[in-house]
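Read through the structure below, which is laid out as structure tokens, and then see the notes.
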Amino acid sequence: MSLPRLIYSSVLYFLLPLILLRLLIKSRKNKGYRLRIPERLGRVSSTEKNKKIIWLHAVSVGEIIATKPLINRLLQDYPNHSLLITSTTPTGSAIIKKLFAGRVLHTYFPYDLPHIIQRFITRINPEMLIIVETEIWPNLYAACAQKNIPLLLVNARLSTKSTRQYLRLKHLVSETLHYATLIAVRSEEDKQHFLSLGAPFEKIELVGNTKFDISVDKDVSKQGELLKAQWGEDRPVWVAGSTHRGEDEIILAIFQHLKQSFPALLLIIVPRHPERFDDVYQLISTSNYQTQKRSAPAHFQTNTDIILGDSMGEMLLWYATADIAFIGGSLVKTGGHNPLEATALGIPVISGYYTFNFNDIYPSLCDAQLAWIEQDANHIQQRIIKILNSSTKQSRDFKQKCADFMHLHQGVVNKLSIQIKKHL
């Protein structure tokens, strides 16, 4: 073991009690964090001996949904293998079970300590590991290299901020990235960032973003029409998706102004994290607007002003009902979330200023006038007014432009499939 990895592992061993304590603290709002802790320590059941394992790791909901096309392709291409998907968060675990119940194996991702990683890999004996986006774990990468397990980093991304942070540990990060078999990056910018961290040039390939390969089931649109029939098909609908703490108050203030000019406007707020559902509902309840929860058994009413989307895995369904989508995580310095789910449904997208997690997507979306990045609440409000007063929200031409844009950038899963077959 190299000196940088030895120091890293020693620090992580020292911090392990605090990490476990943090899980318990977080479980006060989401009890899922205190369940199945042994899995995080590498204590999982041995898999079927007669089936080889492909292991895919995706941290949470966003990464899992972004990788859904690739997961479906793996299930199609390798029916004689078992696909194990690991996640880090309870929400990620829940979405795996919802989307792939009975089709994949699932457990929590093990902590990156040498004995835990060795225990986990010995138990599952994977033939390949596919890691989604930016998960650089020194002991995991080294263990895979030692056991000749191909490790592919897909949808690989590094923001400027993350690159600066990793540069503080360049020796450790560079050593780790040398263990990777392939680093399939989203963009040229991501490629340059990985190179600056010492990743081998010959292991980096510009492949693109699997988020473009999203496919929308026809049932989603049908379910959206059924929901619209409940609250009134002619009502304009604004969906604020994946909101974070500090954004909901801004959205409600904008909504209050918009209702003066568009009294029939319906707002659907979908918080990013389930542990915030109750807090956001309390906030909405004090706004003097007629409010309903998705989780309530009653049908939506025609006099409902605001709906709280307190459900998991239904973001596409909400966008299927929308005339305008605001993508959260962009009014605060989170870096935004995936706008392509709304684009795939032909919906105009509005974002706040902070979109650095999607620098490979927003510029081309904005150039095509399918999305708009606004500097503040006032500009967001003015943009919504322009869209509501125009024919854009109902335009077949706009929906066709969205479809053409998505088609132009698709094919990433096919490229990754070739690489997987090459290394498996």
Legend entry - The listed residue being within 24 Å of R272 (Cβ to Cβ), outside any loop (DSSP other than H, G, I, E, B), aliphatic (A, V, I, L, M) and in contact with a Leu (Cβ under 7 Å, 6 or more places away or on another chain), out of I350, I384: I384
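Give the stretch 276-292 a look and list any residue that's within 18 Å of N30 (Cβ to Cβ) and surrounded by 16 or more Cβ atoms within 10 Å (Cβ to Cβ), or say none. Walk me through it before giving the result.
Quick first cut of the stretch 276-292, residues within 18 Å of N30 (Cβ to Cβ) only: 276-282.
R276, F277, V280, Y281 - these are the residues of the stretch 276-292 that are within 18 Å of N30 (Cβ to Cβ) and surrounded by 16 or more Cβ atoms within 10 Å (Cβ to Cβ).
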Inset, instruction - Would you mind telling me which numbered condition in (1) of a type in the set (S, T, N, Q); (2) modelled with pLDDT of 95 or more; (3) on the phi < 0 side of the Ramachandran plot S159 fails? - result: (2)
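Listed here are the residues, each with its yes/no results for (1) surrounded by 16 or more Cβ atoms within 10 Å (Cβ to Cβ); (2) of a type outside the set (F, W, Y); (3) over 21 Å from S311 (Cα atoms).
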{"site": "K29", "(1), (2), (3)": "no, yes, no"}
{"site": "E39", "(1), (2), (3)": "yes, yes, yes"}
{"site": "S60", "(1), (2), (3)": "yes, yes, no"}
{"site": "A94", "(1), (2), (3)": "yes, yes, no"}
{"site": "L105", "(1), (2), (3)": "yes, yes, yes"}
Inset, instruction - Might you check whether a residue that is over 18 Å from I420 (Cβ atoms), of a type in the set (F, W, Y) and either under 24 Å from the mean Cα position of the chain (by Cα) or surrounded by fewer than 19 Cβ atoms within 10 Å (Cβ to Cβ) (or both) occurs anywhere in the stretch 49-58? - result: no
Inset, instruction - Determine which single condition V44 fails, assuming it passes every other condition in (1) over 30 Å from V270 (Cα atoms); (2) within 24 Å of the chain's Cα centre (by Cα); (3) hydrophobic (A, V, I, L, M, F, W, C). - result: (2)
Legend entry - Checking S330 against (1) assigned to a loop (DSSP other than H, G, I, E, B); (2) over 24 Å from V237 (Cα atoms), the condition it does not meet: (2)
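Within 25 Å of S351 (Cα to Cα), out of contact with any Pro (no Cβ under 8 Å at 6 or more places or on another chain) and not β-branched (V, I, T): does that describe G232?
Working: within 25 Å of S351 (Cα to Cα): no; out of contact with any Pro (no Cβ under 8 Å at 6 or more places or on another chain): yes; not β-branched (V, I, T): yes.
Spelling it out, it is not the case that G232 is within 25 Å of S351 (Cα to Cα), out of contact with any Pro (no Cβ under 8 Å at 6 or more places or on another chain) and not β-branched (V, I, T).
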Inset, instruction - Name every residue in the stretch 118-132 that is in contact with a helix residue (DSSP H, G or I) (Cβ under 9 Å, 6 or more places away or on another chain) and either in the same structural domain as F358 (by TED's automatic domain parsing) or surrounded by fewer than 20 Cβ atoms within 10 Å (Cβ to Cβ) (or both), in order of residue number. - result: Q118
Legend entry - Pair list, Cβ < 7 Å and 6+ apart or interchain, from the stretch 347-371 residues that are farther than 18 Å from T334 by Cα and outside the structural domain of G208 (by TED's automatic domain parsing) to residues that are polar (S, T, N, Q) and modelled with pLDDT under 95: P348/T392
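Of D305, D310, which residue is surrounded by 18 or more Cβ atoms within 10 Å (Cβ to Cβ), in contact (Cβ under 8 Å) with a residue 12 or more places away in the chain, over 27 Å from D376 (Cβ atoms) and not assigned by TED's automatic domain parsing to the domain that holds A94? Give the derivation first.
On the way: D305 fails: over 27 Å from D376 (Cβ atoms).
None of the other options fit; the residue is D310.
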Inset, instruction - Could you tell me which residue of the stretch 321-345 is surrounded by the most Cβ atoms within 10 Å (Cβ to Cβ), considering only residues that are within 17 Å of T160 (Cα to Cα) and among the polar types (S, T, N, Q)? - result: S330
Inset, instruction - Determine which member of the set V173, V185 is more than 21 Å from T88 (Cβ to Cβ) and buried (at least 20 other Cβ atoms within 10 Å of the Cβ). - result: V185
Inset, instruction - Being assigned to a strand (DSSP E or B) and of a type in the set (V, I, T) is the filter; apply it to the stretch 163-222 and report the residue that is farthest from Q146 (Cα to Cα). - result: V185
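Can you tell me which residue in the stretch 223-244 is surrounded by the most Cβ atoms within 10 Å (Cβ to Cβ), limited to those that are among the aliphatic types (A, V, I, L, M) and not in a helix (DSSP H, G or I)?
Per the criteria, the residue is A240.
For L158, state whether it is hydrophobic (A, V, I, L, M, F, W, C), more than 23 Å from L41 (Cα to Cα) and in a loop (DSSP other than H, G, I, E, B). Outline the logic, then answer.
Numbers: hydrophobic (A, V, I, L, M, F, W, C): yes; more than 23 Å from L41 (Cα to Cα): yes; in a loop (DSSP other than H, G, I, E, B): yes.
When the stated conditions are applied, L158 passes them.
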Legend entry - Odd one out for G208 among (1) touching a strand residue (DSSP E or B) at 6+ places or on another chain (Cβ under 8 Å); (2) at positive phi: (1)
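Has the stretch 410-419 got any residue that is over 13 Å from V349 (Cα atoms) and part of a loop (DSSP other than H, G, I, E, B)?
Going through the stretch 410-419, the residues over 13 Å from V349 (Cα atoms) turn out to be 410-419.
Adding the requirement that they be part of a loop (DSSP other than H, G, I, E, B) leaves 410-411.
Yes, the stretch 410-419 contains a residue that is over 13 Å from V349 (Cα atoms) and part of a loop (DSSP other than H, G, I, E, B).
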Legend entry - Top-ranked residue of the stretch 188-222 - restricted to ones that are among the basic types (K, R) and without any contact (Cβ under 8 Å) to a residue 60 or more places away in the chain, ranked as surrounded by the fewest Cβ atoms within 10 Å (Cβ to Cβ): K218
Legend entry - Residues that are within 25 Å of the chain's Cα centre (by Cα) and of a type in the set (G, A, S), drawn from the stretch 236-285: A240, G241, S242, G246
Legend entry - First in the stretch 62-87 and free of Cβ contacts under 8 Å to residues at least 60 places away in the same chain and in the same structural domain as T107 (by TED's automatic domain parsing), second anywhere and assigned to a helix (DSSP H, G or I) and of a type in the set (S, T, N, Q), Cβ under 9 Å, 6 or more apart: S87/S93
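The values are calculated or read from the model by the stated rules, or taken from the named source; none is laboratory data. Here the structure is a predicted model, which is why all the values come from computation and not from measurement. Quick reminder, even Gly has a Cβ in these numbers, built from the backbone with ideal geometry, and neighbours come from all protein chains shown.
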